[in-house]
Amino acid sequence: MKITATNKATGEVVELEANTPEQIVQAWQIAQEYEKTSKALKDQLKKLVPDFVGDRGTSDPIGNFQFRVNSIQRMTYDKSIMRNVFDEDTFDLLLEPNKAAVDNYLKEHIDETGEAGTQLRNTMIPVGNPYQVIKLEKLS
């Protein structure tokens, strides 16, 4: 079996054999390198783009294209204001624990939390939809 992908910008067709586990590993490694190459090129280009973008966030047309730069600032609600606006049950319903912060707190305060940390970990609930992450790992 062969797998193929085409770079629409250059017309380059990448065709790789994927008949054996060894060929699949090799094809995966090649795909990883293409991904790294793409990211490295885009990271370098991102440094050059602001020189072409004006105050309104867009470049002049370049052929049938233009660059647009949007600055994104994620926002969240102020918990102290939410406490004033919502009743306690609604506030609890809307508040989502920061798992990384809780994990870090439990790790740093393991002597103080004791069984509470174990209870929290044993009663964790799923969030969102499950998904797969497939990685090719190098064995030592």
Per the list (1) modelled with pLDDT of 90 or more; (2) exposed (fewer than 12 other Cβ atoms within 10 Å of the Cβ); (3) not in a loop (DSSP other than H, G, I, E, B), residue check on residue 73 breaks on (3)
**Prompt:** Residue check: is residue 47 charged (D, E, K, R) and either in a strand (DSSP E or B) or more than 30 Å from residue 120 (Cα to Cα) (or both)?
**Reply:** yes
Within region 12-24, restricting to residues that are assigned to a strand (DSSP E or B) and either β-branched (Val, Ile, Thr) or at pLDDT below 95 (or both), the one that is nearest to residue 136 (Cα to Cα) is 14
Of 127, 85, 133, 69, the only residue that is of a type in the set (A, V, I, L, M, F, W, C) and touching a Gly at 6+ places or on another chain (Cβ under 9 Å) is 69
Those residues of region 1-11 that are loosely packed, with under 10 Cβ neighbours inside 10 Å and either hydrophobic (A, V, I, L, M, F, W, C) or outside any strand (DSSP E or B) (or both) come to a total of 5
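The values are calculated or read from the model by the stated rules, or taken from the named source; none is laboratory data. Owing to the predicted nature of the structure, the values given are computational and were not obtained by experimental measurement. All Cβ positions, even for glycine, are placed from backbone atoms using ideal geometry, and neighbour counts span all protein chains on display.
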